[in-house]
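J.: Okay, here's the structure, questions in a sec.
The values are calculated or read from the model by the stated rules, or taken from the named source; none is laboratory data. Small disclaimer: the values here were computed from a predicted structure and weren't measured. Cβ: placed from backbone, ideal geometry, glycine included. Neighbour counts: every protein chain shown.
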Number of protein chains: 2
Amino acid sequence: MNIKLQTLKMRLAEVVDLQRSSALLSWEQQTYMPPGGAKARAEQLATLQGLAHRLFITDEIGGLIKELSNSSGQWDYDTDEASLIRFVAREYERESKIPTELVAELASTTALAQEAWASARQNDDYSEFQPHLQKVIELSRQRAECFAPYDHLYDPLLDKYEPDMKTSEVQKMFSGMKDELIDLVDAIKSRADVVNNEILYGDFDIDRQREFGLCIAKKLGYDLNRGRQDETLHPFCTHFSIDDVRITTRFDSRFLPSALFGTMHEVGHALYEQGISPELARTGMDTGVSLGVHESQSRLWENLVGRSRPFWLHFFPQLQTVFPDQLGQVTHDEFYRAINRSEPSLIRVEADEVTYNLHIIIRFELELDLLSGDLHLNDLPAAWTEKYKDYLGIVPHNDSDGVLQDIHWSIGAIGYFATYTIGNLLSVQLFDCAQKEITDLESDISKGNFDGLLYWLRENIHCHGSKFTAGELVKRVTGDSMDSRPYLNYLHNKYSNIYSL
Amino acid sequence: MNIKLQTLKMRLAEVVDLQRSSALLSWEQQTYMPPGGAKARAEQLATLQGLAHRLFITDEIGGLIKELSNSSGQWDYDTDEASLIRFVAREYERESKIPTELVAELASTTALAQEAWASARQNDDYSEFQPHLQKVIELSRQRAECFAPYDHLYDPLLDKYEPDMKTSEVQKMFSGMKDELIDLVDAIKSRADVVNNEILYGDFDIDRQREFGLCIAKKLGYDLNRGRQDETLHPFCTHFSIDDVRITTRFDSRFLPSALFGTMHEVGHALYEQGISPELARTGMDTGVSLGVHESQSRLWENLVGRSRPFWLHFFPQLQTVFPDQLGQVTHDEFYRAINRSEPSLIRVEADEVTYNLHIIIRFELELDLLSGDLHLNDLPAAWTEKYKDYLGIVPHNDSDGVLQDIHWSIGAIGYFATYTIGNLLSVQLFDCAQKEITDLESDISKGNFDGLLYWLRENIHCHGSKFTAGELVKRVTGDSMDSRPYLNYLHNKYSNIYSL
């Protein structure tokens, strides 16, 4: 083996180990850490992330990348070797622009901001969180400024989650979708009484919810020997290696879909991470390529599989035996329509497929205004309310259901939200392909057999990890670039059918 | 503030953060990690511990220590500053003798050995663990050899847990105690029918055990805002900062004392860590000074408080209401005698105070023989059996209750066991002092009031962390050096009374 490549991989392994250890500390902060531990944990996260950064942007690694890039012609473009050199060169180019001190300060600031957010959300007190958010935004701005010149100050933040995507592209895409979505929401509103979802509200024992959710998770292919489920305030998926991929869930005893679809969503993320080629372990390419592609996987399983008619042909009878009092008398069709009821609501993670992207557009627009300074933090709750009124016709009655509902800003994830919509668009483009290429996919799903679909996703997407850019990957699989048309068509077809539009 | 000292503290903080992060990864491996995660976890532990070592033994830190040591006369001996310089100089002297590669290899080897041990113990299959133990011993030997010349190959291993203690001292102490202990065991054997502990066996609901254990833990002073309890195969206490000190417990529904005294034991450790002065945070001195002194705290609370008559005057009525069917008809005196029943048994952590140290002496002798090569690993189970027959008159019927019962060897903790007996001896010396200095201590304990005792321990022991050596600390508190006589006197008094010897 090439000695320079081997050295590079050894150095990267150390950096990746630090990043994954940091991810574990963060997961543990959200699951089991006692409150008193927050301060020291913030310091430890700053140390781990700072060190990971410092040990990555060394002259040695820079030199290795340069030499390997010059001689990379010896490897075919698709090989792990050529991909690694391209991947690391891009990462190095980006990371070496940021001072390590800023990385460390972001880590400790967000660890504390996250605690403040959780407390503020519980107490419904935005003012408790505001000074932390202030600092997060200030540091994010500093981070972005390291990348000057840029077309837009937001570009470098977006790039962290969706490499190569530009703010202007997102703006164009969102403005193209917004009116069409608002029209569809209005059309559905006028037929609101056609679908009723009262059956999903009630008293659903949480242990039974958990057991049923895990049963589905295993059926979809989530390997619990290499994963586990815990409870957190905000559900997420994280991973400490290809062989240790965790999901978390939030249970609500009064509303069944919350944990049910939340679990399928996080399992979608987890299947991606568990399906990455072991050859890529500890290179940094051993993770999903971008948040948009990641979200395409979670949404594919949550919505295109999990909210489909065929899926519940198999699982609804089982769910009825778990909750006979609540669902025993409900038909498959009633259940299908109930879980797909579309109605403007306040909570993003529980929004239906039609309204969901409006929640994203709101957040994206607010982030741009906060970052530019056009919007002051004192005015954020009012601006939030204003946009919800404009786009969805409803307003939150408190900050917990408003600006405090998402964890993202507290963890410094500014530039993140847009990737949810990117994921939605890609999920349909990818699923369309899968349907073309897999014989009897719908029939398999109706029998509770997901082997074919998972195999197809593994071969075409998962196994590659971050070997190709998101754009390259989408092109390889679909032959096309990202496009909102298939998603909008999917929504029109599905909801015209459900609401007889 | 002295700029050199400040720089040193910054460097140490980074090293300590890595060590504490590593401790969290290890805790998580034993509590929640899915089995598939073991391989990557071992690599991550190797990286964190290797880095912590590499970043500690730098020329920069060496230089700072040298310069600060030269000018340390400006600080009084007892100050944090002078203590830090002495402490770090000793640590540096020791750690710089070991190659970082060996530190990393020990970390990954033991992370995997621990998994193998847990599996072997479950399957009662020593052969599954033997190759891992082989490697651990080999690496421990290599580690010891870094310290040549030494009086005994075992000295450097012991020194890691009990700095400044020599193998010859332990041998002398153990041989002085062994015959007297065996005689006491025999005397008690001849009066075995005087004490019956059948009431402690039965069906004790684990949730109730947990709740009662936590209730005692809080009463003793364990701050759950800065700690938590989880379940593991082998109970332990670990800490990620002064404000995050965890205990773990093993519950047995058929035998009440297991978790009850196990919890008090670990709480004793936890109180030590939680009581360290916040001024020492992130210096490396923010932890107990030696395992012997640590164990003196756990044993003090477990035995001198927890197995005393006055303690149960307060708690036994409460325990009776928790388990009315099992204990409703039992008297305080019957319960006190039952929990102090002495009888040779196979499991160290559940051994009574008289037989306990014989378990330690057996392990210590076996470790010496393994390390010297006099004992081959193939013959370890037979040697174990032989010693149990000689010293305690009983033999294990399987390896799970024999050589596989303790986690220590799997985590590379060779040289550790002796500190348990050191802790027993110190617990009595320290408690004797506390009794002299605290008015009405016994009366307070019988009222469930531990404030005075905890305050005394905090002031005299806990707050100092590792500012003084174990020897210095014992001298400061007791005016004496370590001595086995008070402990043996304590045993004779207590057990003569219980067994009317």
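J.: Which one of these is farther than 30 Å from residue B:22 by Cβ and surrounded by 13 or more Cβ atoms within 10 Å (Cβ to Cβ): A:45, A:55, A:68, A:51? Explain how you work it out, then say what you get.
T.: On the way: A:45 fails: farther than 30 Å from residue B:22 by Cβ; A:55 fails: farther than 30 Å from residue B:22 by Cβ; A:51 fails: farther than 30 Å from residue B:22 by Cβ.
One residue alone meets the criteria, A:68.
Quick grid of which residues meet (1) within 13 Å of chain B (Cβ to nearest Cβ); (2) assigned to a helix (DSSP H, G or I); (3) among the hydrophobic types (A, V, I, L, M, F, W, C):
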{"position": "A:233", "(1), (2), (3)": "no, no, yes"}
{"position": "A:246", "(1), (2), (3)": "yes, no, no"}
{"position": "A:265", "(1), (2), (3)": "no, yes, no"}
{"position": "A:276", "(1), (2), (3)": "yes, no, yes"}
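J.: Moving on to the next point. Answer with yes or no whether residue A:120 is crowded, with 18+ Cβ neighbours inside 10 Å, over 22 Å from the mean Cα position of the chain (by Cα) and not acidic (Asp, Glu).
T.: Working: crowded, with 18+ Cβ neighbours inside 10 Å: yes; over 22 Å from the mean Cα position of the chain (by Cα): yes; not acidic (Asp, Glu): yes.
So residue A:120 passes the test.
J.: Which condition does residue B:227 not pass, out of (1) farther than 22 Å from residue B:456 by Cα; (2) more than 17 Å from the chain's Cα centre (by Cα), if it passes all the others?
T.: Looking at each condition in turn, residue B:227 falls short on (1).
J.: Tell me yes or no: at least one residue of segment A:408-424 is assigned to a helix (DSSP H, G or I), over 30 Å from residue A:452 (Cβ atoms) and in contact (Cβ under 8 Å) with a residue 40 or more places away in the chain.
T.: So in segment A:408-424, the residues assigned to a helix (DSSP H, G or I) come out as A:418-424.
Okay, now just the ones that are also over 30 Å from residue A:452 (Cβ atoms), so A:418.
Subsequent filtering for residues that are in contact (Cβ under 8 Å) with a residue 40 or more places away in the chain retains A:418.
Within segment A:408-424, one or more residues are assigned to a helix (DSSP H, G or I), over 30 Å from residue A:452 (Cβ atoms) and in contact (Cβ under 8 Å) with a residue 40 or more places away in the chain.
J.: Inside segment A:189-230, can you point out the residues that are away from chain B (no Cβ under 14 Å), of a type outside the set (D, E, K, R) and in a helix (DSSP H, G or I)?
T.: A:192, A:194, A:199, A:200, A:206, A:209, A:212, A:213, A:215, A:216, A:220
J.: Among the candidates B:14, B:43, B:101, B:115, which residue alone is under 23 Å from residue A:39 (Cβ atoms), of a type in the set (Asp, Glu), assigned to a helix (DSSP H, G or I) and within 14 Å of another protein chain (Cβ to nearest Cβ)? Give the derivation first.
T.: Details: B:43 fails: under 23 Å from residue A:39 (Cβ atoms); B:101 fails: under 23 Å from residue A:39 (Cβ atoms); B:115 fails: under 23 Å from residue A:39 (Cβ atoms).
Residue meeting the stated conditions: B:14.
J.: Only one of A:200, A:220, A:158 is modelled with pLDDT of 95 or more and in contact with a Ser or Thr (Cβ under 8 Å, 6 or more places away or on another chain); which?
T.: Details: A:200 fails: in contact with a Ser or Thr (Cβ under 8 Å, 6 or more places away or on another chain); A:220 fails: in contact with a Ser or Thr (Cβ under 8 Å, 6 or more places away or on another chain).
The conditions single out A:158.
J.: Continuing with this model, one more query. Consider only pairs whose beta carbons are under 6 Å apart and that are at least six residues apart or on different chains; among these, list those whose first residue lies in segment A:22-40 and is crowded, with 19+ Cβ neighbours inside 10 Å and whose second residue is of a type in the set (Val, Ile, Thr) and at pLDDT below 95.
T.: Matching pairs, first to second residue: A:30/A:232.
J.: Which one of these is closer than 19 Å to residue B:305 by Cα, at pLDDT 95 or above, among the polar types (S, T, N, Q) and surrounded by 15 or more Cβ atoms within 10 Å (Cβ to Cβ): B:263, B:248, B:238, B:283? Can you show your working first?
T.: Values: B:248 fails: closer than 19 Å to residue B:305 by Cα; B:238 fails: closer than 19 Å to residue B:305 by Cα; B:283 fails: closer than 19 Å to residue B:305 by Cα.
Being closer than 19 Å to residue B:305 by Cα, at pLDDT 95 or above, among the polar types (S, T, N, Q) and surrounded by 15 or more Cβ atoms within 10 Å (Cβ to Cβ) holds for just one of B:263, B:248, B:238, B:283, which is B:263.
J.: Let me spell it out: the conditions are (1) charged (D, E, K, R); (2) under 19 Å from the mean Cα position of the chain (by Cα); (3) within 16 Å of residue A:349 (Cβ to Cβ), and residue A:401 meets all of them except one. Which number is the exception?
T.: Unmet condition: (2).
J.: If residue B:107 satisfies every condition in (1) within 14 Å of chain A (Cβ to nearest Cβ); (2) assigned to a loop (DSSP other than H, G, I, E, B) but one, which is the exception?
T.: In the conditions (1) within 14 Å of chain A (Cβ to nearest Cβ); (2) assigned to a loop (DSSP other than H, G, I, E, B), residue B:107 misses (2) alone.
J.: Just to be sure, is residue B:82 at the interface with chain A (Cβ under 10 Å from one of its Cβ atoms), over 25 Å from the mean Cα position of the chain (by Cα) and small (Gly, Ala, Ser)?
T.: Numbers: at the interface with chain A (Cβ under 10 Å from one of its Cβ atoms): no; over 25 Å from the mean Cα position of the chain (by Cα): yes; small (Gly, Ala, Ser): yes.
Answer is no for this residue.
J.: Suppose we keep only residues that are of a type in the set (A, V, I, L, M, F, W, C) and part of a helix (DSSP H, G or I) within segment A:17-40. Which one would you say is nearest to the other protein chains (Cβ to nearest Cβ)? Lay out the reasoning, then the answer.
T.: Restricting attention to segment A:17-40, the residues satisfying the condition of being of a type in the set (A, V, I, L, M, F, W, C) are A:18, A:23-25, A:27, A:33, A:38, A:40.
In the following step, the residues that additionally are part of a helix (DSSP H, G or I) were identified as A:18, A:23-25, A:27, A:38, A:40.
On the way: A:18: 7, A:23: 10, A:24: 6, A:25: 6, A:27: 9, A:38: 8, A:40: 3 Å.
Going through the qualifying residues, I end up with A:40.
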